[in-house]
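To start, the structure under review is shown below, and the notes come after it.
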């Protein structure tokens, strides 16, 4: 029942905390923090927990409430547990109780997505995880248009996913197939291309990939830092996870046929995201567009058919989650102190805030792919895998935005930490011990994964490379 608890406990307890009276706000955040810490400990200790399966549909196809760890899903659930703990730590302000509660609900919904071994259950959690983010955006009171744009974009994708899932179930006879090697020869149906199109449309919106990314910059800019840390670090991986666990094993021929289009979208996302990040003045938008670029690189790896590039995609998915969460949390601390994210109005924080400067520097260096940190390991595996698989030109084109990452990440650091101080900004102070505790495990994991990426690759590949259809 461990896997069931990882899904239901955060949702139920999050809703209970959300119902607390306003006078219990501080106690509510403390309870959310304890819950997040317990879930993280549970994931660390129970990686081999048995599946939970309950048949709940027999017609027009078989479906089950089937949850369980897989070789990929375990690492994403672990990443989510760590990022959620760090995010709850830095929740602040009058809406702290509500935001912390929504983070728990979001964690439970995403755990359900990653642990689902039934495609229909996967699709249901796909839509459920939209609601906490939508409610936080509505409560933020910045732009109601942002909340509805986020919801409508992703609901359209969710509808396509649900239709594709229904067609998949009718053709295959069951949707209880994820992680089952006996059922991974592909669906072999005339409708395969249409089913793949439905899945791909939803996955590309969620990732996001150009030109389906337009909901992302406003959403990332308007969300509170703790929530955008979780959305960028983990929710943005849902589409890539879907390609790996549904697309590759069951729709392999369609994946190959779609490769030219997906390579084109991935390369455009890579280059476009990097150039826009280089021109942006808003620090959060710089990181948002950098994510568009980074996730485009992972898309290339997913559609390459290369075992080496696939291993790099797994490492880079985790690496991006770690350093993007750290960047958004640190930038949230900067915005809370300086009351601005405008790079042209910031400057001089590094001289008096060494801990803040150090945290931002490590996260930025990981994002730009410094050797020895997590980002580099994923990039080099992906590029080498692409080249060896015969995709030399895509690998060469991908080098340009990787080089540009150094320019825009160093620009963010230089603009905030160095240069002249602006006398009209509030008094500066360094990271608090709570903020330091939130960032420290993320930064430590970035260093660990950069030094020892083989621990992730070996665990996933040895534990079930065949499950994802890697050749």
Of the residues that make up the range 313-326, is at least one over 19 Å from the mean Cα position of the chain (by Cα) and closer than 21 Å to residue 273 by Cα?
-> no
Among the candidates 301, 395, 311, 389, residue that is over 26 Å from residue 221 (Cα atoms) and without any contact (Cβ under 8 Å) to a residue 40 or more places away in the chain | 395
All positions within the range 44-67 that are crowded, with 18+ Cβ neighbours inside 10 Å and either out of contact with any strand residue (DSSP E or B) (no Cβ under 7 Å at 6 or more places or on another chain) or farther than 29 Å from residue 174 by Cα (or both) = 49
Out of 115, 137, 131, sole residue that is crowded, with 24+ Cβ neighbours inside 10 Å and within 17 Å of the chain's Cα centre (by Cα) | 115
Listing of helices (runs of 4 or more DSSP H) fully contained in the range 383-471 that carry 1 or more residues being modelled with pLDDT under 80 and surrounded by 17 or more Cβ atoms within 10 Å (Cβ to Cβ) | 454-464
Given the conditions (1) in a helix (DSSP H, G or I); (2) in contact (Cβ under 8 Å) with a residue 40 or more places away in the chain, and given that residue 349 satisfies all but one, which numbered condition is not satisfied?
-> (1)
Here are 212, 201: which of them is surrounded by fewer than 24 Cβ atoms within 10 Å (Cβ to Cβ), in contact with a helix residue (DSSP H, G or I) (Cβ under 8 Å, 6 or more places away or on another chain), at negative phi and not in a loop (DSSP other than H, G, I, E, B)?
-> 201
Taking interchain pairs and intrachain pairs at least six residues apart, which have beta carbon atoms under 6 angstrom, with the first residue in the range 17-31 and at positive phi and assigned to a helix (DSSP H, G or I) and the second buried (at least 19 other Cβ atoms within 10 Å of the Cβ) and at pLDDT below 75?
-> none
Filter result for residue 93 (surrounded by fewer than 21 Cβ atoms within 10 Å (Cβ to Cβ) and farther than 24 Å from residue 213 by Cβ) = yes
For the range 133-179, enumerate the residues that are in a helix (DSSP H, G or I), farther than 23 Å from residue 215 by Cα, touching a residue at least 60 places away in the same chain (Cβ under 8 Å) and in contact with a helix residue (DSSP H, G or I) (Cβ under 7 Å, 6 or more places away or on another chain).
-> 168, 169
Test set (1) closer than 25 Å to residue 419 by Cα; (2) crowded, with 19+ Cβ neighbours inside 10 Å; (3) at pLDDT 85 or above - residue 346 fails condition number = (3)
Would you be able to tell me the number of residues in the range 327-344 that are farther than 20 Å from residue 207 by Cβ and either under 13 Å from the mean Cα position of the chain (by Cα) or not in a helix (DSSP H, G or I) (or both)?
-> 6
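The values are calculated or read from the model by the stated rules, or taken from the named source; none is laboratory data. Quick caveat, the model's predicted, so the values are computed rather than measured. Note: ideal-geometry Cβ built from the backbone for every residue, glycine included; neighbour counts use all protein chains shown.
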